[in-house]
1. Keeping all protein chains in the complex and leaving out DNA, RNA and ligands, what accessible area do you get for A:I25 with a 1.4 Å probe, in Å² to the nearest 10?
2. Report, in deg cm²/dmol and to the nearest 500, the calculated mean residue ellipticity at 222 nm for chain A, where each DSSP H run with n ≥ 4 adds -39500 (n - 2.57) and the sum is divided by the residue count.
3. Could you rank B:K192, A:K147, B:K119, B:K160 by how accessible they are, 1.4 Å probe, largest area first?
4. Can you give the helix-only mean residue ellipticity at 222 nm for chain B, where every DSSP H stretch with n ≥ 4 adds -39500 (n - 2.57) and the sum goes over all residues, rounded to the nearest 500 deg cm²/dmol?
5. Express in nm, to one decimal, how much length is gained between B:R69 and B:V15 on full extension, taking 0.36 nm for each residue of separation and deducting their alpha carbon distance.
6. Using only Cα atoms, locate the centre of the range B:168-196 and the centre of the range B:28-92, then give the distance between them in Å, rounded to an integer.
7. Which FRET efficiency value, to the nearest 0.05, do you get for B:I38 and A:K39 by plugging their Cβ-Cβ distance into 1/(1 + (r/R0)^6) with R0 = 25 Å?
8. When the solvent-accessible surface of protein heavy atoms is calculated with a 1.4 angstrom probe, in what order do B:T10, B:T148, A:T60 fall, highest first?
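The values are calculated or read from the model by the stated rules, or taken from the named source; none is laboratory data. Just so you know, these numbers come straight off a predicted model, no measurement behind them. Note: ideal-geometry Cβ built from the backbone for every residue, glycine included; neighbour counts use all protein chains shown. Accessible surface areas use protein heavy atoms only, side chains included; no ligands, DNA or RNA. Shrake-Rupley method; radii C 1.70, N 1.55, O 1.52, S 1.80 Å.
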Amino acid sequence: MEIINWLSLAMIPIIIAGILLYGTIKKVPTYESFVEGGKEGIEIAFSIIPYLVGMLVAITVFRSSGALDFIMDLLKPAFSAIGIPAEVVPLALIRPISGTAALGMTTDLIAVYGPDSFIGRLASVMQGSTDTTLYVLTVYFGAVGIKKMGDALKVGLLADLIGVVASIIIVTLLFGSA
Amino acid sequence: MVNIIWVSLTVIGLVFAMCNGTLQDVNEAVFKGAKEAITISFGLMSVLVFWLGLMKIAEQSGLLDIFSRMCRPFISKLFPDIPPDHPAMGYILSNLMANFFGLGNAATPLGIKAMEQMKKLNGNRSEASRSMITFLAVNTSCITLIPTTVIAVRMAYSSKTPTDIVGPSILATLISGIGAIIIDRYFYYRRKKKGR
């Protein structure tokens, strides 16, 4: 574990040093190139603002109106019926939509049930094994101005569902159920 | 699809607030959400400037080419529409690698560059191409070696074994990753059948 910890700390410094040294060896005007590339970053950051504002306002409105809680309560029985513990249903539903909200829920579940409980472990695995689909889609497509997403959203959400089901099965098999 | 989701999230929320007496919260939420978006964008800007600056050096020195040539055999089957020598490959690979090692803030700029290249390949159209959908499918079910944030939370609540979820997480992410690829292929062939 210590090696892994060290590696994850040293990773970024190694990458930065590697790129700079290799660039110098290959006689790239490193500083000028850095500035040139960095300018693109500013353009991209500005171009995603409207996409993010639109999406985040919609999500916060939906959440703070109480509609999200209402739908979760409606769906709970259905999820419980297929073996998904009621406690993690809100997390499973919010994970693809909002990363910060999901992390909040995971922290809450760990605090309430304990990190080494079945629910605590399940929440940890669910949080750690997928990314926030809607956010990734908004940022990536927004940055390059893709207006028609095609099947991307459907594919992403279905994959998230598979991730949730896989998390439950794996955690149950490895750590036993509640 | 996005239009429908966007409008329904907002309108359902607004109508629900009227019936539920949470109008005050919703009024605040509109501006809170907008503000959060700006905060995120500016937070991203620092990261974008730094990593895209570095990646420019990696690109011009040929490091990116070397890297993509190394991993090409594994990934070109996933993206049959992208010519193996195309710069998009290098960015896709770097993005997946950054995700894999949990370098989330390095992954986003690389992913955006990959999308930019794929858009060029698709004749700059504003529709998502096949490769883009595959890329996002793999990316959102992204394979992370060590979920550092979760481990930190577990440690904060004095877990006896904070890292014992690493194995299960990798397994779960692997399964959802494979699932994503299969679903992506299914939708692709369905589109093709319909002649789109």
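1. Approximately 120 Å² for this residue.
2. After summing the helix terms and dividing by the residues of chain A, the value is -26500 deg cm²/dmol.
3. B:K160, A:K147, B:K192, B:K119
4. -26000 deg cm²/dmol
5. Value of the extension gain: 14.1 nm.
6. Computed from Cα coordinates, the inter-centre distance equals 22 Å.
7. 0.75
8. Accessible-area ranking of B:T10, B:T148, A:T60, largest first: B:T148, B:T10, A:T60.
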